[in-house]
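The structure under discussion appears below in the form of structure tokens.
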Amino acid sequence: MKRFSWITFTSILVSLSASGSPPPSSYLFAEYLRGQAEYYRAITEYHRCVFESDDPLLREICLYRIGVCYLEGKQCSDAVTILASLASRQSNLQERYPGLIRYRLAEAYYCEGQYGRAAEMAAGLVESPIQDTLRKPALYSTVIARTQSGDIAEALACIDQNPDAWENPSGAQVFRRQIAAFNTIGHKKPGLAGILSAIVPGSGQVYAGRLRDGLTSFVFNGIFIAGIVSAIDSDHTETAWILGFFELGWYSANIYNAMNDCHKTNHLAWESHLNTIILMHGRPFPSVDDSDL
Amino acid sequence: MRGPWHISTPASDSPDQAAGYLGDTANRMLDFYSTVLNPVISTGCPCFPSCSDYARDAIIRFGFIPGTILALERLMHEPGEIEHGRVIRTDRGLRIHDPLSANTDWLFDPSTSR
């Protein structure tokens, strides 16, 4: 990490010195901090750079880097705010590196959980004139973001329309099959689980694949129902009413629990499959080399 | 990742408070439980947030009856969560991460439901 940061630091120093006025020390120090993964402190130094520098391009680069630091620090909303404001104006940085800010903005939307918006933005990048180094990552990101937003058909169409974008045809086929598999995984029906649990407490949870939850639900409801029956048999009506009141809570919780378990099981299956894809093909927004801005 | 930007917001600061009179009473009982009874009778909740914090959060956010049902549901799914849940490191050691949002988001945001 240290070696990487020093290489980045030196390359920036050389490139900026060659282009004219030397960069302010705050910028260089910020780059060093970013290389050390000290994003929070780096942001302060980038802000100092924006404040100190007279060069509009350098100020835009510093703002862009602030957005990237927020992204790396998983402060997604802050990243969206700053990158959206950068992307909305005509800037030297956009002319120099077309698509880079919008790519990062799409990544920030994805980080924030706005998958549909991230997919739209990444898809827009693929269509627009951008550098080739950005096109492939943008295409891959479009597919993953579309998948995350639940639009599997669009994700598959995106793969089919760009057959040359993948490493080889067999790789594209494997990727396509993996995305298409989202259509068949995680299809436990929450409504059915709720009905099952309403008939026999615990059965919906077993249907959802959570045996322990089912057993707990069955035992709790069973004890209370047995208590109510016993109280009625021995003419303790008040006790039966009190137990019935509590049982109503357990019974409602049992139905909700069955539905909740279904959603959780589906979600886990989805996440697990997505993680497999990410492990095989890389993070949803592959890193792009922006060290030579 | 270092930086003082991980600041948690207490549940009582939540803007959508719906506790009401019954909810306030329930919250006082939960306070009594977590400060007086829990240190004596409990060996420590395996989940984070603990069941009493979860119940308090649910009652504050959704009101007494739905909050109580959610709290009971938490007791019901705790054994399953130990098996399937995600383990995180907290101030009190390793715990299963099971926030209220993980069990209610599908009600309000269909996109979180698969």
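The values are calculated or read from the model by the stated rules, or taken from the named source; none is laboratory data. Please read these numbers as outputs of a predicted model, since none were measured by experiment. Neighbour counts are summed over all protein chains in view; Cβ atoms, including those assigned to glycine, are modelled from backbone coordinates with ideal geometry.
Some observations on this one:
- Selected residue (criterion: surrounded by the fewest Cβ atoms within 10 Å (Cβ to Cβ)) from residues of region A:84-109 that are in contact (Cβ under 8 Å) with a residue 60 or more places away in the chain and farther than 20 Å from A:Pro284 by Cα: A:Arg96
- Scanning region B:47-75 for residues that are more than 17 Å from A:Gly249 (Cβ to Cβ) and either within 13 Å of chain A (Cβ to nearest Cβ) or among the aromatic types (Phe, Trp, Tyr) (or both) gives a single hit, B:Phe48.
- When A:Cys158 is tested against (1) surrounded by fewer than 20 Cβ atoms within 10 Å (Cβ to Cβ); (2) touching a Ser or Thr at 6+ places or on another chain (Cβ under 7 Å); (3) not assigned by TED's automatic domain parsing to the domain that holds A:Phe246, exactly one condition is not met: (1).
- Count of residues meeting criterion [out of contact with any Cys (no Cβ under 9 Å at 6 or more places or on another chain) and more than 9 Å from B:Gly23 (Cα to Cα)] in region B:46-66: 11
- Any hit, region A:90-100, residues being touching an Asp or Glu at 6+ places or on another chain (Cβ under 7 Å) and farther than 19 Å from A:Thr133 by Cβ: yes
- Selection status of A:Ser234, crowded, with 18+ Cβ neighbours inside 10 Å, on the phi < 0 side of the Ramachandran plot and not aromatic (Phe, Trp, Tyr): no
- Counting only helices (runs of 4 or more DSSP H) that sit completely within region A:84-127, those holding 2 or more residues that are of a type in the set (Lys, Arg) and assigned by TED's automatic domain parsing to the domain that holds A:Val68 correspond to A:100-112.
- Residue in region A:56-77 that is farthest from the other protein chains (Cβ to nearest Cβ), counting only those that are buried (at least 18 other Cβ atoms within 10 Å of the Cβ) and either in contact (Cβ under 8 Å) with a residue 40 or more places away in the chain or not in a helix (DSSP H, G or I) (or both): A:Leu58
- Residue satisfying all of: in region B:79-92; of a type in the set (Asp, Glu) and more than 8 Å from chain A (Cβ to nearest Cβ); farthest from A:Phe246 (Cα to Cα) among these: B:Asp91
- Screening A:Glu127, A:Glu112 for residues that are under 20 Å from A:Arg146 (Cα atoms), under 15 Å from the mean Cα position of the chain (by Cα) and surrounded by fewer than 21 Cβ atoms within 10 Å (Cβ to Cβ) leaves exactly one candidate, A:Glu112.
- Residues (within 13 Å of A:Val68 (Cβ to Cβ) and assigned to a helix (DSSP H, G or I)) located in region A:30-39: A:Ala30, A:Glu31, A:Leu33, A:Arg34, A:Gly35, A:Tyr39
- Residue among A:Ala180, A:Ala157 that alone is over 20 Å from the mean Cα position of the chain (by Cα) and at pLDDT 90 or above: A:Ala157
- The residue of region A:183-218 that is surrounded by the fewest Cβ atoms within 10 Å (Cβ to Cβ), among those that are part of a loop (DSSP other than H, G, I, E, B) and among the basic types (Lys, Arg), is A:Lys189.
- Residues that are of a type in the set (S, T, N, Q), out of contact with any Lys or Arg (no Cβ under 7 Å at 6 or more places or on another chain) and not in a helix (DSSP H, G or I) do not occur anywhere in region B:54-73.
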